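The values are calculated or read from the model by the stated rules, or taken from the named source; none is laboratory data. The structure displayed is predicted, hence computed values, not measured ones. Using ideal geometry, Cβ is built from the backbone for each residue, glycine included, and neighbour counts are taken over all protein chains shown.
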């Protein structure tokens, strides 16, 4: 992830503001708020500026994914060229859905909130949509999860514990 974030900061940093770049990286699948905070640190964006940019950027796609991903995937299945991609996306999400399905609220919250590879709001939203979880409950879970991930990544990226103690 660090290499991808470094590439974006080096190649786009001269064209858009540091804050806009942090926001855009936070919107992207895989990178999300974790990547946004890493970019913010690389670009010397203050933590109190970076946190709202990353959280808002990470949250914006959630309702759209929850509402539309099943319809989009079903439409894409009609075309042979997309069938492999759809199978990968559904397989990836369902392979990680066991903990979420077992304990919906805390399972989804922890899945989104613990910053490990393959987890996060994008994958969590796809899992919630495929499991047909209540949209309101899924949004709340993901908001709490994004807040958790932000706190954890702030500690990692900015060395927040060192600043506090």
Among residues of region 127-142 being over 9 Å from residue 66 (Cβ atoms) and buried (at least 18 other Cβ atoms within 10 Å of the Cβ), the residue modelled with the highest pLDDT is 141
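Could you run through region 44-87 and say how many residues are assigned to a helix (DSSP H, G or I) and farther than 23 Å from residue 109 by Cα? Quick ask: steps written out before the conclusion?
First, pick out the residues of region 44-87 that are assigned to a helix (DSSP H, G or I): 47-59, 61-76, 80-87.
Now drop any that are not farther than 23 Å from residue 109 by Cα, which leaves 47-49, 71-76, 80-87.
Selection size over region 44-87: 17.
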With the requirement that a residue be in contact with a helix residue (DSSP H, G or I) (Cβ under 8 Å, 6 or more places away or on another chain) and exposed (fewer than 13 other Cβ atoms within 10 Å of the Cβ), what does region 1-23 give you? 2, 16
Looking at 102, 93, which one is more than 13 Å from residue 124 (Cβ to Cβ) and at pLDDT below 90? 102
Tally, over region 93-111, of residues that are in a helix (DSSP H, G or I) and farther than 13 Å from residue 138 by Cα: 6
Do we find a residue being surrounded by 13 or more Cβ atoms within 10 Å (Cβ to Cβ) and over 26 Å from residue 22 (Cα atoms) anywhere in region 108-123? no
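Does residue 61 fit the bill of being exposed (fewer than 13 other Cβ atoms within 10 Å of the Cβ) and within 20 Å of residue 26 (Cα to Cα)? First the steps, then the outcome.
On the way: exposed (fewer than 13 other Cβ atoms within 10 Å of the Cβ): no; within 20 Å of residue 26 (Cα to Cα): yes.
No, not satisfied.
Going by the conditions given, is residue 16 more than 15 Å from residue 157 (Cβ to Cβ) and assigned by TED's automatic domain parsing to the domain that holds residue 113?
Details: more than 15 Å from residue 157 (Cβ to Cβ): yes; assigned by TED's automatic domain parsing to the domain that holds residue 113: no.
No; evaluated as a whole, the condition is false for this residue.
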Condition check for residue 42: within 25 Å of residue 114 (Cβ to Cβ) and more than 16 Å from the chain's Cα centre (by Cα): yes
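What residue, of 70, 80, is in the same structural domain as residue 144 (by TED's automatic domain parsing), in contact (Cβ under 8 Å) with a residue 60 or more places away in the chain and surrounded by fewer than 17 Cβ atoms within 10 Å (Cβ to Cβ)?
70
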